[in-house]
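Every read-out reported here was derived from the displayed coordinates using simple, explicitly stated rules and does not represent laboratory data. These figures come from a predicted structure and were not determined experimentally. All Cβ positions, glycine included, derive from the backbone under ideal geometry; neighbour counts span all protein chains shown.
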Amino acid sequence: MIHARVIGTGSFLPGAPVSNNDLVARGIDTSDEWIVERTGICRRHLAEPDVTASQLAYEASTRAIAAAGCQPADIDLIIVATSTPDYIFPSTAALLQSKLGIVNGGAAFDLQAVCTGFAYALSTAEKFIRSGSHKRALVVGAEVFSRILDWNDRGTCVLFGDGAGAVVLEASDKPGILATALHADGSHNGILCVPGQVNRGGITGDPFLRMDGQAVFKFAVKVLSDVAREVVDQAGLTIDDVDWLIPHQANIRIMQATAKRLGVPTEKVIATVSEHGNTSAASIPLALDLAVRDGRIQRGHKILLEGVGGGFTWGAALLEF
Ligand code: ACO
């Protein structure tokens, strides 16, 4: 039986951290106290206006490929999860492939499931590998949410950051990804959206992120705990078998409430939201890479990744590292 195993991780954050007080100094009507108390966010990284998702993806990918001990030419599948692509087309994945110097390569495409994007991309890549069609996949979450934020809307602009995270998945005879589950319910599309479109040379609708924060909060806690249980059951394990929970890093209160519902102790939750803010599809691979590099995550550990985002979409993956 062919399994898909993570053989390398990498991540990248642009520029210096921007603190909550830095946002106040930039004229946003907020306070460090309000942001920390409501969200747990202290800092985030914001890319310069000319920095694109494919550039962040490239930096994270080179680190993941080096950690995997392989070469870009060994990659035969690239999936980039992003809601802030460089262009309408070509895909960010195709641009990344070119930046990596891969010519005449395998498949490369973008996948859009907002903050669940990395869970969707990982699960998709796993299926390619398990089918035997591909051997080594680069799976990336890369976002420049700063470009879709309304900096006059203090209820949303303080929540997000930019960054990228990547993993290399390889076909293996040893178990790697043990179970995945993906879901969507498009009837909730209005509670978190960027409801604009490029149309005949202009923008029709609203080009900024809009959110009903309280509706998102309630929805997120419920579906995150449900989907976590689903993948653990699917793998024939229990929550106690999980060494590390890496939830999408939207808000520390959502993460704590989910962990509590699941009965996962706080010490097992990898949290980067205080330092990164919400980096959407990049948040899970960024947190994963940090915990791999600081030595918390070791080979053989069981890791539960879970995300929720606009659409609404949600999903999880349980893997043996
Ligand atoms: N600084 C200071 N005051 C603020 C700010 C701010 N940045 N933003 C809003 N306020 C004010 C509002 O104007 C309002 O003031 P009023 O009472 O005088 O009208 C007050 O704070 C309360 O506003 P609410 O929107 O009701 O605040 P709430 O307690 O719901 O917190 C928050 C907002 C943090 C967004 C919360 O709803 C939340 O955590 N929701 C989850 C959403 C989330 O994390 N989304 C991330 C993206 S989704 C995803 O990744 C899955």
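Hey, what D do you get for the range 61-134 in µm²/s if you plug the Kirkwood alpha-carbon radius into Stokes-Einstein at 20 °C and 1.002 mPa s?
Numbers: Rh = 12.8 Å.
It diffuses with D of about 167 µm²/s by this estimate.
Which of GLU306, GLU126 has the fewest other C-beta atoms within 10 Å, and how do the rest follow up to the most?
Going from least to most buried by this count: GLU126, GLU306.
Order these by the 10 Å Cβ neighbour count, fewest first: MET255, MET211, MET1. List each step's numbers first, then the result.
Numbers: MET255 25, MET211 17, MET1 5.
The fewest-first ordering by Cβ neighbours comes to MET1, MET211, MET255.
Output needed: percent of Cα pairs per 10 Å distance bin for the range 3-174, bins running from 0 to the one holding the longest distance.
Once binned at 10 Å, the Cα pair distances of the range 3-174 give 11, 37, 29, 16, 7, 0.
Counting other beta carbons within 10 Å of each residue's own, what order do ARG26, ARG261, ARG5 fall into, fewest first?
Numbers: ARG26 10, ARG261 15, ARG5 20.
Result, fewest neighbours first: ARG26, ARG261, ARG5.
State the volume of the convex hull built on the alpha-carbon positions of the range 262-315, expressed per residue in Å³ and rounded to an integer. Don't skip to the answer; put the middle values down first.
On the way: hull volume 5.5 nm³, N = 54.
It comes to 102 Å³ per residue, whole-number rounded.
With r as the distance between the Cβ atoms of SER133 and LEU237 and R0 = 30 Å, compute the FRET efficiency 1/(1 + (r/R0)^6) and round to 0.05. Working shown, then result.
Working: r = 28 Å, r/R0 = 0.93.
Rounded to the nearest 0.05, the efficiency is 0.60.
How large is ³J(HN,Hα) for each residue in the range 122-132, as worked out from phi by the Karplus curve 6.51 cos²θ - 1.76 cosθ + 1.60 (θ = phi - 60°), to whole Hz, x for Gly and Pro?
My calculation for the range 122-132 gives 5, 5, 5, 4, 4, 5, 4, 5, 5, 6, x Hz in order.
Explain nothing, just compute: Karplus ³J(HN,Hα) = 6.51 cos²θ - 1.76 cosθ + 1.60, θ = phi - 60°, for every residue of the range 244-256 in order, whole Hz, x for Gly and Pro.
9, 9, 10, x, 3, 8, 9, 6, 4, 6, 5, 5, 5
Quick one: the Cα spread of the chain along its three principal axes, in angstroms, biggest first?
Principal axes ranked by extent give 55, 47, 38 Å for the Cα atoms.
Give LYS174/LYS302; LYS135/LYS174; LYS268/LYS302; LYS127/LYS174; LYS127/LYS268 a once-over and call out the pairs whose C-alpha atoms are over 19 Å from each other. Could the numbers behind the result be given before it?
Numbers: LYS174/LYS302 14 Å; LYS135/LYS174 14 Å; LYS268/LYS302 11 Å; LYS127/LYS174 15 Å; LYS127/LYS268 28 Å.
With Cα atoms farther than 19 Å apart: LYS127/LYS268.
Give a residue-ordered list of calculated ³J(HN,Hα) values for the range 193-199 (Karplus: 6.51 cos²θ - 1.76 cosθ + 1.60, θ = phi - 60°; whole Hz; x for Gly, Pro).
After applying 6.51 cos²θ - 1.76 cosθ + 1.60, I find 7, 10, x, x, 8, 7, 8 Hz.
At q = 0.14, 0.18 Å⁻¹, what base-10 log of I(q)/I(0) does the Debye formula yield for the range 178-320 when every alpha carbon is treated as an equal point scatterer in vacuo?
Summing over Cα pairs of the range 178-320 leads to -0.66, -1.01.
Most mobile of ARG299, ARG44, ARG200 per a Gaussian network model of the chain (Cα springs, under 10 Å)?
For the chain, modelled as a Gaussian network with Cα springs under 10 Å, the answer is ARG200.
To the nearest 0.05, what FRET efficiency results for VAL103 and ASP173 with a Förster distance of 30 Å applied to their C-beta separation? Display every interim value, and only then the final one.
Numbers: r = 31 Å, r/R0 = 1.02.
It comes to 0.45.
Using label points projected 7 Å from each Cα along Cα→Cβ, tell me how many nm separate ARG147 and GLU33, to one decimal.
Going from the ARG147 label point to the GLU33 one covers 3.7 nm.
In terms of modelled amide H atoms, which long-range or inter-chain residues lie less than 5 Å from the amide H of LEU77?
ARG136, LEU138
State the extension gain, in nm to one decimal, for the chain segment bounded by ARG26 and PHE89, taking 0.36 nm per residue of separation less the distance between their alpha-carbons. Mind showing how you got there, number by number?
Values: separation 63, 0.36 × 63 = 22.68 nm, distance 3.33 nm.
Taking ARG26 through PHE89 to full extension adds about 19.3 nm, to one decimal.
Would you give the gap between the C-alpha center of the range 86-165 and the C-alpha center of the range 188-226, rounded to a whole Å?
18 Å
Need one number: nm distance between label points at SER19 and ARG253, each 7 Å from Cα along Cα→Cβ, rounded to one decimal.
Distance between label points: 2.4 nm.
Can you compute the modelled spin-label distance between ILE2 and ASN189, with each label point 7 Å from Cα toward Cβ, in nm?
3.5 nm
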